[in-house]
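Here's the structure we're looking at; comments come further down.
The values are calculated or read from the model by the stated rules, or taken from the named source; none is laboratory data. None of the values given here were measured: they were computed from a predicted structure. Ideal geometry is used to build each Cβ from the backbone, glycine not excepted, and the neighbour counts take in all protein chains shown.
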Amino acid sequence: MLRLNAAAIAALTLLPAAALAQAQVLEADPVHTHIGFGVRHMMVSNVKGEFKKFSVKLQTEKDLTKSKVDVTIDVASIDTGNAQRDKHLRSPDFFDAAKYPTISFKSKKITRAGKDAFKVTGDLTIKGKTKEVVLAVKNFAGPIKDPMGTMRAGLEASTKIDRRDFGVAYNAALEGGGLAVGNEVKIDLEVELTQPKS
């Protein structure tokens, strides 16, 4: 799932103008990036999880609205803190990781939405189904140079999706009414961008 990805473009507004003078690629630092989600469970609580393996490649342009981002998430890396539940989520009931091993997001449009805010529109693909989603981006931090002289910047992004739109429709009815798993999924990301090592 995905706040991910194209959201990273917004952080580039923090980079010095000279750094944007020509196209370049920035990538998410996996050690300092979190791609998480939350869904209602038994109508009484929220279950949260994350994906441990992913790739974010951001092609920047001097005009940030023309930049592009390509994100790929390894479905099998899902982690909700419970091995049995994670195994079920990887099964055909949910993500069917064996048949659809990746989730992807490709940006199509980036617009400003106020001070330090952007909306990043793109195509999200889960289980072979593609739908347009909009990421709300906020809270930029940096840029700073780390002790090795590498530029870093951070941001937060979020969105909501209906999992049924992507064919993730498994559920179970509760005896007292309602469903065991909520249909709305909240996606939240904390992304740290860095220049890839040459």
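The table below gives the values:
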item: First in the stretch 42-61 and within 15 Å of Thr194 (Cα to Cα) and among the hydroxyl-bearing types (Ser, Thr, Tyr), second anywhere and at pLDDT 80 or above and in a strand (DSSP E or B), Cβ under 6 Å, 6 or more apart; result: Ser55/Thr72
item: Out of Gly49, Gly81, Gly36, sole residue that is modelled with pLDDT of 90 or more and part of a loop (DSSP other than H, G, I, E, B); result: Gly81
item: Residues that are part of a strand (DSSP E or B) and touching a helix residue (DSSP H, G or I) at 6+ places or on another chain (Cβ under 8 Å), drawn from the stretch 84-105; result: Thr102, Ile103, Phe105
item: Any hit, the stretch 6-24, residues being outside any loop (DSSP other than H, G, I, E, B) and either at pLDDT 50 or above or charged (D, E, K, R) (or both); result: yes
item: Checklist (1) surrounded by 16 or more Cβ atoms within 10 Å (Cβ to Cβ); (2) under 20 Å from Asp188 (Cα atoms); (3) out of contact with any strand residue (DSSP E or B) (no Cβ under 6 Å at 6 or more places or on another chain) applied to Val69, failing item; result: (3)
item: Selected residue (only one of Leu124, Leu135, Leu155 is surrounded by 12 or more Cβ atoms within 10 Å (Cβ to Cβ), modelled with pLDDT of 95 or more, within 14 Å of the chain's Cα centre (by Cα) and not in a helix (DSSP H, G or I)); result: Leu124
item: The stretch 159-179, subset under 17 Å from Leu89 (Cα atoms), assigned to a loop (DSSP other than H, G, I, E, B) and of a type outside the set (A, V, I, L, M), residue modelled with the lowest pLDDT; result: Asn171
item: Any chance Glu27 is modelled with pLDDT of 90 or more and part of a strand (DSSP E or B); result: no
item: First in the stretch 165-194 and exposed (fewer than 13 other Cβ atoms within 10 Å of the Cβ), second anywhere and at pLDDT 90 or above and of a type outside the set (A, V, I, L, M, F, W, C), Cβ under 7 Å, 6 or more apart; result: Glu184/Lys160; Glu184/Asp162
